[in-house]
Structure formats: structure tokens, C-alpha cells
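Below you'll find the structure, written out as C-alpha cells, and then a few comments.
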Amino acid sequence: RRPVHRLFRCAGTVAADLKGEEQLPGSVEPDSQDKILKKRFSEVQKERREQAQRTVLINCPNKISEKKFIKYISQHGPINSHFFYESFGLHAVIEFCQKESVASLQDAVCTPNLGTETAIPFRSRFFNLKWTNPLNPGSEQPNVQCSNQLPPASKKLFQLLCRAESMDDQLNTLLKEFQITEENAKLRHLTCSLIEDIAAAYLPDCTVRPFGSSVNSFGKLGCDLDMFLDLDETGRLNPGKTSGHFQMEFQVKSVPSERIATQKILSVIGECLDHFGPGCVGVQKILNARCPLVRFSQQASGFQCDLTSNNRIALKSSELLYMYGTLDSRVRALVFSIRCWARAHSLTSSIPGAWITNFSLTMMVIFFLQRRSPPLLPTLDYLKTLADEGDQCVIEGHNCTFTSDLNRIKPSGNTETLELLLMEFFEYFGNFAFNKNSINIRQGREQNKPESSPLHIQNPFETSLNVSKNVNQSQLQKFVDLARESAWILQQEDKARPSSASHQPWGLAALLLPSVSHSKSLARKKRKKPASERIRNLLDSIKSSGKEQ
Ligand code: GTP
Ligand code: MG
């Protein structure tokens, strides 16, 4: 079988994020494609942010003619790109070429008269398009094409996987179906930009930045939108300008700690979102969590949002994951498949608890790829040696320095197929000495566990912390059992793979099905366990999720 990964071009966000210095046509040889220069994380984020500031969101009537609508909006300036999608009605995302067009549009828009209710007159970039004459809404046929913002249904996914030609093809198909699309990425950045407008009503120089899987190259369609309120730009931390003998500083209120300041700011922003934020619903202030946050849904974009404050280390870990995900196209394909596998077997959950998180799983895949021979990914310590002056970064006393230039990193000499890597991943972690070893992507090798948590994954920047401290022994055991079973299934399959015409789930599709032997053994275990133990496990899960909250 040909190693498909060498031919595979990553699509979606990362493809859009790759920089074609010499714009290469689509038909170039794969080898020369490898030479495409890759953009830095900060450059991608800056461009996306600037793009989002020139963009507006419009709720449209269903029967609309795209041509007429675009002509109408173009009165305010040339449009760079646009798309439609469905979420509680039809919406259009319009990206103007210039920021001034947004102001021109806002000047032409009125605040609605709501009859029995009263409108809060907040002038955002989220509008409603209405017919001037609702009884005669134009003569043209509606012809709007909607862009998809949701992951594929399981049935469609299984069909695609069963039809694939090889396991490598399956892993790449899964990636293509689940990854965040160009439009979805734009919508995520636009949502942050709209939230920033609201926060800026109080804190004019603040920035709302997305982090986590929305930007780290491992995001799935439908994943939550993590964002943080960055107040560093306000000059709060910069020394004031001196002139002669004098220096001026702002008169401010003070509070006893950074945590209390964060809680106060998030509390006010939470209120603003709740009272003024068009489309912001279900606002919850979770201010006593380890990392205080405001959680809400942005109905118009369909995202579940988590807003935190001063979370620069998390942004740095998103950058690090972006580097790893962009270095070699096999990384994302493998991470996506393993995340889907974990979700399919309820190893991960959207509810916080004693289970493994997607973030921990990604760290495990990165570590495994650092352990291959030759290594498929470099260690964080190696990335640190490639850093230049501009990359130096210390956050809250933690050294977070590593190169931001992907082009400095030599491509790996490892040519293993995705099929082999997936099987070896399950083998590796099915036999890992979790009881004594810790996973450490900084050094790329196992280390003695510094504490007794069942699963120890060293936080890459805050090195005394364990990113999987929440995981209990029974969840870890479930992971190990399923990894062993999956390795076994893949080994058996190799011996007797069904023909593609048989439509039998095979390869990755077989791994995503509920595991028969496991559910049987679980049922046996459940029967054997005394009720008191089951209740204790349940209480442990609730306790750890309570702590998170
Ligand atoms: P999804 O499950 O797709 O949302 O993945 P995610 O990577 O966005 O995870 P999540 O929303 O739980 O967390 C957002 C970001 O916060 C992660 O990408 C990490 O950068 C950071 N993060 C999450 N959990 C931890 C943790 O336990 N420790 C540390 N240091 N950072 C974490
Ligand atoms: Mg997330």
C-alpha cells in the first residue's frame, strides 16, 4: 500500500493558514508542496482578527435572492467574501474589503420598534434584514446555498469510512469531515470580535482572543469556543511615559489579588453580555472556578462560549499545539481519529469530571509521536533551542519560549503510515507504565511520576502541574483496556480485511463501534462491584467536577 499521508494536503483552516510565498498551483508535485512556507500562529491570528473587524453578521429572511441581497449590501462598500448558514434562521456573514464600510452600514441601520417590548439601543455588528414590503418580497427565486457548520452524522461518517480505500484514507477522510472549515473559522473569529465590541464598552483597549481547539488546529466542527479577555494591551502593565521629573499614572480602584480583579471584570462583562449582547443567551458566571469564566451561548453562531480573562499561558499552549499540528499532516489526522475514538467509547465527555480531556489526549498523541524512531515530532526543549530574540516569552514567571517559525524546523525523516501509527499508539499506551511514569512533551521521554495521580501529564509550561490530575484510576483503566482491545482488533483485521464491496465496518470504522467484549466485561465488572464502590466512584466524579466548576 502507498503511504497516503505523503500525498495528503490538509484542507480547511490550516490550508488557509499556510502561506504560499510563491503561490503554487494545485497540480504541483507533493514534494514541492512540502516547501510551502508556513505562517506563524501570531500572523494567522492577527489576520483573522483584522478580517473579523471588517465583517458583519446579518439575520436574513428565508426566501432571499443572494444577488439582490449582495447588491443591496454593496452600497456600503466592496465585499471581500460572504457566505450563508443556518442557526435559528438564515444568517449571512459579510466580510467587507474596508472597515469603513461597517460604519457606513451601521449609520444606515435603525433600532427596531418592538411594539409591546422595549429595545436596548446597542449598536452592534449583528443586524436583522427585513422586507420593506413583507407581503410582496421580490420576484426572484430564492437561491441561497448554506455552508455547513456541523460535524457529519454518524451514519454518513460510517458510509464514508467503509468506502475508503485504505486505513490511511479513512483517517484522512475523518479529518476532512470533522475539521473546522474556512467559514467556521471566520465565524469563530467574528463571534470573538462581536464579544470584544461589548467588552470594549467598558474596557476600550481590551482584546478578546480565541484559544483552545478553535485555533490550535485540532478543532472539530461543533466544538466549544474558548476565548479570553486580554487586558495587557491597555498599557496596564507598561511603565508610563516619563517626561522630565514627572510620571503620570491612572487613578484606579484596587483589590487584594489578581484573581479578585479577574472575578470583578468578568462579572461586569457577564452582566453586559446578558443585558446588552444580541444573541447571547444562557449567561452563567462561574467565578469561583480555578480559572474563573463566563459561559454563554451565542445563538446566532450556534457556539457554546467560555470567556476567561488573562489566560496568556493557555494561548501559548494553543500556539504550541498549532505548531505540532501544522508540522506534519499526519499529526492532525491521528489526533482527530483518536479524539473521535475516545468520544465514541465515552472516554471523553462534554461534562467536566474524572475522565480524560481532549487536551490530555492530544498531549498523549504528541508524546507518542516524539517517541517514534525516528521521531515524528520534536520535543519542546528542541523548539526552545530554535527560538530567537523575538520568541522570548515569560508569563507569570514561567518560561514559555519556543520558536514561532515553523520553517526553522526540519521535516521529520519518519515515513510511517497512519495505519501503523494508530495501531502503535494503542499498543504503546495499552502497555505504558502509568503507575510509575509521567508523560512529558518538553523532554519527549518518560519520567518518574512526581506525585501519585493515576495519569500524570506534565503541563508543558507550568511544569509543576499535571494536566490530567482530574483522571481517576477507573477512567485510566478504561482507556488502557480499550487501547489494548483496539490494538487487537487492528491486528486481527490485518489478517482478514473484508472486501470494500461488503460494506462491513472495517479499520477505523470498526474501532468507532461500541466494543462488544468491553461492554460485556464492563457489565460483568459492574455486577461484581459492590454498590458502595459504585456510589463512591460516582461521588468522586461529582466532587472533581464540582471543583472544576
Ligand atoms: P475541545 O474539547 O475541542 O474544546 O478541546 P480544547 O483544547 O479547546 O479543550 P478545552 O476547551 O477543555 O480547553 C481549552 C484550552 O484550555 C486547551 O486547549 C488548553 O490550552 C487549556 N486547557 C484545558 N485543560 C487544561 C488543563 O487541564 N491544564 C492546562 N494547563 N490547560 C488546559
Ligand atoms: Mg475548547
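Summary table
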{"quantity": "Prolate/oblate/rounded label for the range 304-433 (Cα gyration tensor, a/c 1.5)", "calculated": "oblate"}
{"quantity": "Charge context of Gln447, other residues only, Cβ under 15 angstrom, K/R +1, D/E -1", "calculated": "+2"}
{"quantity": "Accessible-area order (highest first, 1.4 angstrom probe) of the listed residues Met248, Met423, Met363", "calculated": "Met248, Met423, Met363"}
{"quantity": "Local net charge near Arg125, Cβ-Cβ under 13 Å (Lys/Arg +1, Asp/Glu -1)", "calculated": "-1"}
{"quantity": "Percent accessible area from carbon and sulfur atoms, the range 60-210, protein chains only, probe 1.4 Å", "calculated": "52"}
{"quantity": "Charge context of Tyr428, other residues only, Cβ under 12 angstrom, K/R +1, D/E -1", "calculated": "0"}
{"quantity": "Rounded, prolate or oblate (a/c below 1.5 giving rounded, otherwise prolate when a/b exceeds b/c) for the range 246-298 by Cα gyration tensor", "calculated": "oblate"}
{"quantity": "Average accessible surface area per residue within the range 174-328, 1.4 Å rolling probe, Å²", "calculated": "45"}
{"quantity": "Amide H contacts of Ile457 (H built 1.01 Å from N, under 5 Å, at least 5 apart or other chain)", "calculated": "Ile439, Val467, Ser468"}
{"quantity": "Low-density loop positions, GluC sites (Glu not before Pro), the range 114-210 - DSSP coil, at most 13 other Cβ in 10 Å", "calculated": "Glu117, Glu140, Glu165"}
{"quantity": "Within the accessible area of the range 217-348 (1.4 Å probe), percent carbon and sulfur", "calculated": "51"}
{"quantity": "Cross-link pairs beyond the 23 Å C-alpha cut-off, checked among Lys316/Lys436; Lys176/Lys410; Lys38/Lys220; Lys39/Lys316", "calculated": "Lys316/Lys436; Lys176/Lys410"}
{"quantity": "Residues with amide H under 5 Å from that of Leu90, placed H, sequence gap 5 or more", "calculated": "Cys60"}
{"quantity": "Average accessible area per residue (Å²) across the range 344-481 - probe 1.4 Å, nucleic acids and ligands excluded", "calculated": "42"}
{"quantity": "Using θ = phi - 60° and Karplus 6.51 cos²θ - 1.76 cosθ + 1.60, couplings along the range 458-470 (whole Hz; Gly, Pro as x)", "calculated": "5, 4, x, 10, 9, 5, 7, 9, 10, 6, 10, 4, 6"}
{"quantity": "Relative packing of peptides 253-259, 467-473 - highest average C-beta neighbours within 10 Å first", "calculated": "467-473, 253-259"}
{"quantity": "Long-range amide H partners of Ile286 with built H, under 5 Å", "calculated": "Leu293, Val294, Arg295"}
{"quantity": "Estimated dipole of the range 45-187 in Debye, rounded to 20 [Cβ of Lys and Arg +1, of Asp and Glu -1, Cα centre]", "calculated": "280"}
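The values are calculated or read from the model by the stated rules, or taken from the named source; none is laboratory data. Computed from a prediction, not measured in an experiment: that's the story for all the values here. Glycine also receives a Cβ, built like all others from the backbone with ideal geometry; neighbour counts cover every protein chain displayed. Accessible surface areas use protein heavy atoms only, side chains included; no ligands, DNA or RNA. Shrake-Rupley method; radii C 1.70, N 1.55, O 1.52, S 1.80 Å.
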